[in-house]
Structures are given as structure tokens and as C-alpha cells.
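Structure first, then comments.
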Amino acid sequence: MTAPVLLLAYRRPDTTRQVLAAIRQAAPQQLFVACDGPNPDREGEAARVQAVRDLIDCSIDWPCEVHRRYSREHQGCRRGVSGAISWFFEHVEQGIVLEDDCVPDPSFFPFCEALLDRYAHDLRVWCITGGNYQDGQVRGDASYYFSRYPHCWGWASWRSRWQAYDDELSLLEPFVKGGFADDLFTDPLEAAYWHRVWSRQVPRHGGGLDSWAYQWAFACMASRGLTAIPNQNLVMNVGDGVEATHTTTSQSMRQVCNPVPFPLRHPRLILRDETADQYTFINHMPGRYLNYMRSLKGRFADPLGSRLALAIRNPLHYPVKLLTAISLFFRHPSM
């Protein structure tokens, strides 16, 4: 395989071993490996990080050009990952990115490689992903469809697109004030959600989560960049558990992989599938909680209906439901 691959590792040898096995099968000619440094506040982490690095060094047994970026200090998910991806694209024009808990199907690599070449100069397409969250629903009659969401559990892109990444989201304020967010989102609840999570990542607002993915989503979505998503799920996340940074519980996004058939069937039009995106937002993002709160507001708008009668009979019924919905929304796991 000619497409370069970046492996992002940290402290989990068990999951890293599974990803390495998939990469070994693809045998890329260029392999870039980035491994964050241990957190000094966590006992025993230095040994786990070293175990991962030893595993990587002894597992690369096919002919390839290897580049390593092993950090001495702990940088965290936000700075460490984004810095590693920038380092990767300083060396290559295009490539595939895999974190140490994202195990791809063998067909993931030729799928990404084919689309990297096909859309290299088409600036409408910003990302290629292996993750499909349509729960078995096929979108269109091609091998893949286009989305606004750059899912990052196994993905590929180009240097020219990644250069728009801005960790501090310095363009967020003019983007919102200029009304561009209103043009981007037709659903006000979705607009409010993304504005909220992006605003939380701005350093002057506290810096938000230790995550790089929201900033990448802003770069793609604010530029109207599309992501190619296969009609079969090609990547399984095996990283849920106590050692995970964000994916600490089993989620619906963890799915079985199914190979994409070749030769690929390409969409006739490069247009976003709005129905698929709406399904993703409602079923795999906080959209289900936001829609529930919207329907709850509509129920309260009928002062003479049965809802009012229920509220009179049981004054705590709606406050408890509202607090539950708010709690679920704010506890929703990050990207």
C-alpha cells in the first residue's frame, strides 16, 4: 500500500497490538508513529507507555520507512494528537490516521487510498472516514455517501485540508457573528449544540475538553467540507474502559465491521446526504436529548390540555423529566 499511515499511540498495549496487526496486514510503505509521554501524576503510567513503544518497535517487521515522534513530556489528547497530525502532514501530502483503539477492517485501507487519490484536488471533499453510524441503513446506490461530519475513528485527509485546523478556534466568533452558522445549520437545535461545544474549546472560555476533534470538525464544517462515509462500517473502536481518555463506557458507536465491496461505486453527485446526517445527529449525538427537550417545551405550550392536568396532579413529573434531559445532554460523551 502506498498511502502513508499515522498511528497515534499512548499507554494501551492491548488495543495497540490489535491496530498494529491490521496495519501490518496492509503493509504501508511509510509508517508514522506518535506516542504521547506519560502523565507524571499517574502511578505506573511510564511503564505502560514504554511497553507500548517496545511493542511498536518489535512489531514493524515488513519493509517500510518508519518515522517516530515519541514525546518525553505528557501533552494530552488535544495538543498531543493535533501536534502529531500536523507533524504527519508536514512530511506527506495525504495519508491515513488511526488511533490506538480503532481497529480497521482490511478493506478500510484500499477504500481510503482510492478516495485520497480520487479527491486529492477536489476541495469539496475534506475527509474520508471508516466509521458508519447508520445502523445498517444504506444511503444512496454507491459504495459511500457524503456527510458534514468528519468522524475521526479511523480517517484520512490531505495536508491542504488539515492546514485549516486551528486549535484555538480563532475564527469561531466572526463565523457566528457573520451569520455563517445560521446558513450552515437548518436545525436551530443543532446550531446551538455545535456553537456550545465549539465555544467551550476556546482558550479564553477555559479550553473545554482535552480533545482535538471538535476543532477539526469546525475546520471541515465551517469550510463546507464534506466527508466520504462508506455504506458499511469499516472501523471498530475497542477502547472503551477505564484506560480510555474519553470513551469510558460502551457506546452504540462500537459496531461490527463489514468489508466494503470492490470495485467501488462512486456517487454521481458530490452532495451531502441530509437524511443520513439528521439520523446521525439524532441517534449518535445529543440530538435525541435536544429533540426531547423541544417536544417537552411544546407540551408546556398547551395550558388547557391534558399535560396541564398531569402537572397539577403530579407537580414533580415535568421538573424531573426536564432535569433528566438536561443531565443527559451535559453528560453526553465527547467526539
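The values are calculated or read from the model by the stated rules, or taken from the named source; none is laboratory data. Since the model is a prediction, treat every value here as computed from it, not as a measurement. Positions of Cβ are backbone-derived with ideal geometry, glycine not excepted, and every protein chain shown enters the neighbour counts. When the accessible area is computed, the model is the full protein with side chains, heavy atoms only, and any ligands, DNA or RNA have been set aside. Shrake-Rupley method; radii C 1.70, N 1.55, O 1.52, S 1.80 Å.
The table below lists the values:
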{"quantity": "Residues being assigned to a helix (DSSP H, G or I) and without any contact (Cβ under 8 Å) to a residue 40 or more places away in the chain - total across segment 93-121", "calculated": "1"}
{"quantity": "Tally of residues being of a type in the set (Gly, Ala, Ser) and over 17 Å from His151 (Cα atoms) across segment 82-110", "calculated": "4"}
{"quantity": "Condition broken by Gly83, with the remaining ones in (1) within 13 Å of Leu6 (Cα to Cα); (2) touching a helix residue (DSSP H, G or I) at 6+ places or on another chain (Cβ under 7 Å); (3) small (Gly, Ala, Ser) satisfied", "calculated": "(2)"}
{"quantity": "Set Ser86, Ser170, Ser143, Ser71: member being within 24 Å of Pro203 (Cβ to Cβ), of a type in the set (Gly, Ala, Ser) and touching a strand residue (DSSP E or B) at 6+ places or on another chain (Cβ under 8 Å)", "calculated": "Ser71"}
{"quantity": "Single condition Gly154 does not satisfy, out of (1) at positive phi; (2) of a type outside the set (Phe, Trp, Tyr); (3) loosely packed, with under 15 Cβ neighbours inside 10 Å", "calculated": "(3)"}
{"quantity": "Among (1) modelled with pLDDT of 90 or more; (2) closer than 29 Å to Leu7 by Cα, the one test that Leu209 misses", "calculated": "(1)"}
{"quantity": "Segment 125-148 - residue that is of a type in the set (Phe, Trp, Tyr) and touching a Lys or Arg at 6+ places or on another chain (Cβ under 6 Å) and, of those, most open to solvent (accessible area, probe 1.4 Å)", "calculated": "Trp126"}
{"quantity": "Residue count, segment 158-216 (criterion: of a type in the set (D, E, K, R), part of a helix (DSSP H, G or I), closer than 27 Å to Phe89 by Cβ and touching a Gly at 6+ places or on another chain (Cβ under 9 Å))", "calculated": "3"}
{"quantity": "Tally, over segment 1-17, of residues that are buried (at least 18 other Cβ atoms within 10 Å of the Cβ) and farther than 16 Å from Arg72 by Cβ", "calculated": "10"}
{"quantity": "Index of the failed condition, Asn132 passing every other in (1) under 19 Å from the mean Cα position of the chain (by Cα); (2) not charged (D, E, K, R); (3) not in a loop (DSSP other than H, G, I, E, B)", "calculated": "(3)"}
{"quantity": "Residue within segment 99-110 that is charged (D, E, K, R) and more than 18 Å from the chain's Cα centre (by Cα) present", "calculated": "no"}
{"quantity": "Subset of segment 79-116 (residues that are farther than 16 Å from Ala26 by Cα and hydroxyl-bearing (Ser, Thr, Tyr))", "calculated": "Ser82, Ser86"}
{"quantity": "Top-ranked residue in segment 37-56 [being open to solvent by 30 Å² or more (accessible area, probe 1.4 Å) and among the hydrophobic types (A, V, I, L, M, F, W, C); ranked as farthest from His74 (Cα to Cα)]", "calculated": "Ala51"}
